[in-house]
Structures are given as C-alpha cells and as structure tokens.
Amino acid sequence: MPLRLFVALSLPETLRQELSTLGTGIPGAKWIRPANYHLTLRFVGEIQNWKADEVDEALSGIRARGFELTLRGLGLFERMGRPSALWTGAERNDSLNHLQTKIETALRRVGLSAERRRFAPHVSLARVEQADPAKIAAYLQRHNLFRARPVAVESFTLYSSLLGKECATYVPEVEYELAPRRELPERPSRMIPPHPVAFAG
C-alpha cells in the first residue's frame, strides 16, 4: 500500500498554543487543528514501502545543526485570483534554508524529482476559499504585526499523511536529530514509538 509522506518541522506545544489564538475571526474559514500545525520542508508524495525505506535512509545521513525559529507575519496563498490559504511565515533563517537544501539534495539522490517550487517556509493556519475576501483583509490588518516567541529546533520529522473526510491526520514516522550548535551527532535519527523504521506492508 503506498504511503503519502512529507518532511517537516514539528512545533512545540507552546508554539501551537500561541498559533491557536489566531484561529478565529474569519467567518467561513476552515481552521487547521493545532495538532496538525507543522512547517513543511519537503513534500514527498505517494510512494511504495520500499521507496520509503530509501527516503528514511537518505534522511538519516543528513548532518546539520540545530537553530532557533521565529514565526512572524501573516500571508495568503491564492488560487485563480482568490484567497485559498492563510499562513504565518518564518523569519529569514540561513540555518533553516541550509537544512532544507540538504533534505532536497538527499531526496534527489534516491530518485525523487526536484522540487520546482521555491522554498517558502510557513505554517498553514486555515483554508479560506469560502470566506469573504473583505473579512480576510480585515483579519490581516488586525494581525499583521503577529510575531511568535522564538523556539529551538532540535530535529526534523518524516510524516505520513492519512486523508480523512474532514481533515488529514499526520503521523510522525521518524524523527531525525540535529546536532548541538558546537558538535555533530553520531546517531542523527531516533524512532518515535510505536512506528517502525521499516515501511513493510
């Protein structure tokens, strides 16, 4: 059975709670559950179990240092000229960009197609296709100075995505530790019980 995978930064509970305070004020918006907040580093897509093992092995070989992440500001993605998604972005961060580049390179080496879209780090907050654009504009004006407290990033995670009727469920499969700022790790990954490394069907 194919797996639908993506690589992302998980967010600590304190940051999830802070972001959840933004989750109101646009009638018709479909707000994302705080449990589903994440910052995508690379979408993998649907792949077979044996290919998922190769992805895990490639990600396990990445060496990068931990860093500090700050989310700030709000923005919109559009589809056919209408707002489709509300998000908060990440402050400029060379360490984050460096990690994302390493992930992209590792996944291309195991045969994944190159990511065509430019990396734009963000955390999605809501789907707003059904919302009034005027209400969205007013919301952005009220919250345009949003800035979350900085958080330490010490790992990145390979997730599987299970599609549901109302929303997707994101399951952390493998967590890959980043090095402390002054040393590199001997073992860059650790499992998140009870999900195994092997993606055997």
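Here, each number is a calculation from the coordinates, and none is a lab measurement. As the structure is a prediction and not an experimental result, all values here were calculated from the model. For neighbour counting, all protein chains shown are included, and Cβ atoms are generated from backbone atoms with ideal geometry for every residue, glycine included.
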Counting other beta carbons within 10 Å of each residue's own, what order do ARG33, ARG79, ARG65 fall into, fewest first? ARG79, ARG33, ARG65
By the gyration tensor of its Cα atoms, with a ≥ b ≥ c the square roots of the eigenvalues, what is the shape of the stretch 32-100: rounded for a/c under 1.5, prolate for a/b over b/c, or oblate? oblate
Only loop residues by DSSP count here, and only those with at most 15 other Cβ atoms within 10 Å; note down the trypsin sites (Lys or Arg not before Pro) in the stretch 99-172 that meet that. ARG116, ARG117, ARG118, LYS165
Determine, for the chain, the count of lysine pairs separated by eight or more sequence positions (or lying on different chains) whose alpha-carbon distance falls under 28 Å. 5
I need the phi-derived Karplus couplings for the stretch 74-79: 6.51 cos²θ - 1.76 cosθ + 1.60, θ = phi - 60°, integer Hz, Gly and Pro marked x. 10, x, 10, 9, 10, 9
Sorted by Cβ density within 10 Å, fewest first, the residues TRP50, TRP87: TRP50, TRP87
Net charge near ILE26 (other residues with Cβ under 13 Å of its Cβ; Lys, Arg +1; Asp, Glu -1) is +2
Stokes-Einstein D for the stretch 3-191 (37 °C, 0.692 mPa s, Kirkwood Rh from Cα pairs), in µm²/s, comes to 187
